[in-house]
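Peer 1: If you scroll down you'll find the structure; I have some questions about it.
Since every read-out is calculated from the coordinates, none of them should be taken as a lab result. In this text, all values refer to a predicted model and were calculated from it rather than measured experimentally. With ideal geometry, Cβ positions are generated from the backbone for all residues, glycine too; neighbour counts draw on all protein chains shown.
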Amino acid sequence: MNNEELWKAALGEIELSISKANYTTWFKNTNILSKQEGQITISVTNAFTKEWLENKYNKLILKALRNVSKDVKEIIYIINYKKDDASTENKEKKKKKKLSEKTEIRMPEEQLNFNQIKIDKKTNLNPRYTFENFIVASFNELAYAASQSIIKTPGQTYNPLFIYGGVGVGKTHLLQAIGNEIIKSDPTKKIIYVSSEKFTDDVISAIFKNEMDKLKNYYRKIDVLIIDDIQFLAGKEKTQEEFFHTFNTLYENNKQIILSSDRPPKAIPTLEERLRSRFEGGMIADIGSPDIETRIVILKSKLKDLNLELPDEILNYISTNIQKNIRELEGALNRIIAFMKLNDIVPNQNQVIKILKNIISDPQKRTNYKDIIKIVASFYDLDAGDLTNRSRKKEIVKPRQIAMYLLREELKSSYPFIGLKLGGRDHTTAIYACEKIGKEKEANNSLEEELSLIRQRLYNHASLSS
Ligand code: ADP
Ligand code: MG
């Protein structure tokens, strides 16, 4: 058996025992350079991989090699830089650094802000949100396609366009890119982008100042009205009423309305029925979460915009470990970039882990039963106390069962514990709830979706509070 065959056989085994992402990240471009008296030399392409294999996978590799060839005793890893590889540059830089001074490595204290913004006063649009820097993949392609058709003929294809999805997946970016694009092709178009909080503030202050007519005129002369995070209108009756009238006026005049929310219209509690049915009368498109390949593409495109490069291993590490949303992905990247600017080196494995340790966390360990109850309650517009009391009101029963289900799934809590914390119930009630939600989720897509939106909030919450 030659070295190549030996390595191939060992890799076959390694591949079975780790995730695909890890396998490609760490074992791609590795080779056995030599085998002498039980000592195997493996070549890797950069320092990052070398350290990682030495520290994390040495045992696994040794075992896999021994299964194929019993006489293997020891492995050494050496870096075999390829020409024109980003890491060559990195090596040069590191060398220079070492020769010139022995500086202390500094960690960035807070995220640097690379996107100094200037918001257009008239439209309220931020010019940084464009389609040029918006990556389209299967998780957002429906929302993207709908946007494109709206840009071509605003007010005439899908009205309203309703985009929903979890935190940090690109709703605001998409909404604003639509606005920027429409303005670009027709600067005479009147476009207004507002958050639903701003819209609410405007309505309330107009009521106080007795300037409702002024406000009506302002909003009703618009060609394209974009309102972000419409879920915050929930429970605000007066605002909803004003919005309903504005909506109708614009709609009847074929003006485009674009809305975003963290959930579909039917899942927004205390949204007036007439508004809900208006929203459902247009196009509803969701944005999901990008898969790992897409996360890498997004990172690469952000780097390209900044004229920077990073070794694939670092990009893979970020993408493997940060799965929740694009905002976090950017946050991680910004930290790494800040580190590079501060120290003038590409971080090694341990440094990357250190830099990202506050962002990367195991959500299961970080969340706790109180957070789950709180987040489920707020998702359904209830108080945590509603779930932990004994009430059997219909609108409370389902959220409570969902909280039970998530306690079981996310924390592996025991049934007696779950029963106790959610209204001092018996463990059989908890078992029943978990089974019921588990079954219903299979049969009911919208429940499945609600669960995933709640989980996203939970994970975001967990990572924010870490
Ligand atoms: P949301 O409004 O859904 O919470 P944002 O639109 O604020 O999310 O997006 C969070 C960050 O991720 C922003 O900096 C945005 O530019 C970036 N982003 C979102 N979607 C994409 C995408 N498809 N391609 C590139 N960057 C994206
Ligand atoms: Mg947003």
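Peer 1: Based only on other Cβ atoms within 10 Å, what is the fewest-to-most ordering of 224, 376?
Peer 2: Sorted ascending by nearby Cβ count, the order is 224, 376.
Peer 1: Within a Cβ distance under 14 Å of residue 290, other residues only, what is the Lys/Arg minus Asp/Glu net charge?
Peer 2: 0
Peer 1: Applying 1/(1 + (r/R0)^6) with R0 = 60 Å to the Cβ-Cβ distance of residue 211 and residue 37, what FRET efficiency is obtained, to the nearest 0.05?
Peer 2: About 0.10, to the nearest 0.05.
Peer 1: For the residue pair residue 357 and residue 238, what label-to-label distance in nm results when each label sits 7 Å from Cα along the Cα-to-beta-carbon direction?
Peer 2: In this crude spin-label approximation the distance works out to 5.1 nm.
Peer 1: If each residue's Cβ is checked for other Cβ atoms within 10 Å, how do 120, 202 rank with the fewest at the top?
Peer 2: Ascending Cβ contact count within 10 Å gives the list 120, 202.
Peer 1: Here's another thing I want to ask about it. If one puts a single equal scatterer on every Cα of the chain and applies the Debye formula without solvent, what log₁₀ I(q)/I(0) results at q = 0.07, 0.08, 0.11 Å⁻¹?
Peer 2: Values, matching the q order: -0.50, -0.64, -1.04.
Peer 1: Length gain on complete extension for the stretch residue 133 to residue 389, per 0.36 nm per residue less the alpha carbon to alpha carbon distance?
Peer 2: Length gained, residue 133 through residue 389: 87.3 nm.
Peer 1: Calculate the spin-label point distance for residue 327 paired with residue 381, positioning each point 7 Å from the Cα along the beta-carbon direction, and give it in nanometres.
Peer 2: Result: 2.2 nm between the two label points.
Peer 1: With r as the distance between the Cβ atoms of residue 28 and residue 119 and R0 = 41 Å, compute the FRET efficiency 1/(1 + (r/R0)^6) and round to 0.05.
Peer 2: Computed FRET efficiency for residue 119 and residue 28: 0.45.
Peer 1: Right, here's the next one. Considering amide H positions built from the backbone, and no H for Pro or chain starts, which residues 5 or more places from residue 40, or on another chain, come under 5 Å of its amide H?
Peer 2: The answer is 73, 74, 75, 76.
Peer 1: Something else: Nearest 0.05, what FRET efficiency do residue 368 and residue 446 give at R0 = 30 Å with Cβ-Cβ as r?
Peer 2: The formula returns an efficiency of 0.65 here.
Peer 1: Could you give P(r) for the range 168-226, binned at 10 Å from zero, as whole percent values over all Cα-Cα pairs?
Peer 2: Reading the bins upward from 0: 21, 43, 27, 9.
Peer 1: Calculate for the chain the 222 nm mean residue ellipticity that helices alone would give, adding -39,500 (n - 2.57) per DSSP H run of length 4 or more and normalising by residue count, nearest 500 deg cm²/dmol.
Peer 2: Roughly -17500 deg cm²/dmol at 222 nm, from the helical runs in the chain.
Peer 1: For each of 263, 66, 106, count neighbouring Cβ atoms within 10 Å of the residue's Cβ, then give the residues from fewest to most.
Peer 2: 106, 66, 263
Peer 1: Another question, then. For the range 286-427, what is the largest minus smallest coordinate of the Cα atoms on each principal axis, given in angstrom and ordered from greatest to least?
Peer 2: The Cα atoms of the range 286-427 stretch 60, 33, 23 Å along the principal axes, largest first.
Peer 1: Something else now. Express in whole angstrom the spacing between the alpha-carbon centres of the range 1-80 and the range 180-252.
Peer 2: Each part reduced to its Cα centre gives a spacing of 61 Å.
Peer 1: For the pairs 8/35; 118/341; 171/354; 122/238; 8/28, note any where the Cα-Cα span goes beyond 21 Å.
Peer 2: 118/341; 171/354; 122/238
Peer 1: Whole number please: convex hull volume per residue, Cα atoms of the range 1-50, in Å³.
Peer 2: Dividing the Cα hull volume of the range 1-50 by its residues yields 79 Å³.
Peer 1: What is the set of long-range amide H partners of residue 368 at a cut-off below 5 Å, with H atoms built 1.01 Å from backbone N?
Peer 2: none
Peer 1: State to the nearest 20 debye the size of the charge dipole of the range 387-466 about its Cα centre, where the only charges are +1 on K and R beta carbons and -1 on D and E beta carbons.
Peer 2: It works out to roughly 400 debye.
Peer 1: May I ask you to derive the relative contact order of the range 294-413, considering only C-alpha pairs under 8 Å and at least 6 residues apart, and to give it as an integer percent?
Peer 2: Normalised by residue count, the contact order of the range 294-413 is 17 percent.
Peer 1: A further question follows. Give me a comma-separated list of calculated 3J(HN,Hα) values for the range 258-270, in order, Karplus coefficients 6.51, -1.76, 1.60 applied at θ = phi - 60°, integers in Hz, x for any Gly or Pro.
Peer 2: Result, rounded to whole Hz: 10, 10, 10, 7, 8, 7, x, x, 5, 9, 8, x, 6.
Peer 1: Going down the table (216/255; 63/357; 266/436; 121/198; 374/421; 152/190), which pairs top 19 Å between alpha carbons?
Peer 2: Cα-Cα > 19 Å for 63/357; 266/436; rest within.
Peer 1: Something else: Quick check on packing: order 341-349, 437-445 by the mean number of other C-beta atoms within 10 Å, highest mean leading.
Peer 2: The peptides rank, most packed first, as 341-349, 437-445.
Peer 1: Same structure again: In debye, nearest 20: dipole of the chain around its Cα centre with unit charges on the Cβ of K, R (+) and D, E (-)?
Peer 2: The dipole magnitude comes to about 800 debye.
Peer 1: Also, quick follow-up: Suppose every K and R has +1 on its Cβ and every D and E has -1 on its Cβ; what is the size of the dipole of the range 257-414 about the Cα centre, in Debye to the nearest 20?
Peer 2: The dipole magnitude comes to about 700 debye.
Peer 1: Quick one: what are the phi-derived ³J(HN,Hα) couplings along the range 301-318, Karplus 6.51/-1.76/1.60 with θ = phi - 60°, whole Hz, x for glycine and proline?
Peer 2: For the range 301-318, the Karplus curve yields 5, 5, 5, 4, 4, 8, 6, 10, 9, 9, x, 3, 4, 5, 4, 5, 4, 4 Hz.
Peer 1: Give me a comma-separated list of calculated 3J(HN,Hα) values for the range 386-394, in order, Karplus coefficients 6.51, -1.76, 1.60 applied at θ = phi - 60°, integers in Hz, x for any Gly or Pro.
Peer 2: After applying 6.51 cos²θ - 1.76 cosθ + 1.60, I find 4, 7, 8, 8, 9, 4, 10, 4, 4 Hz.
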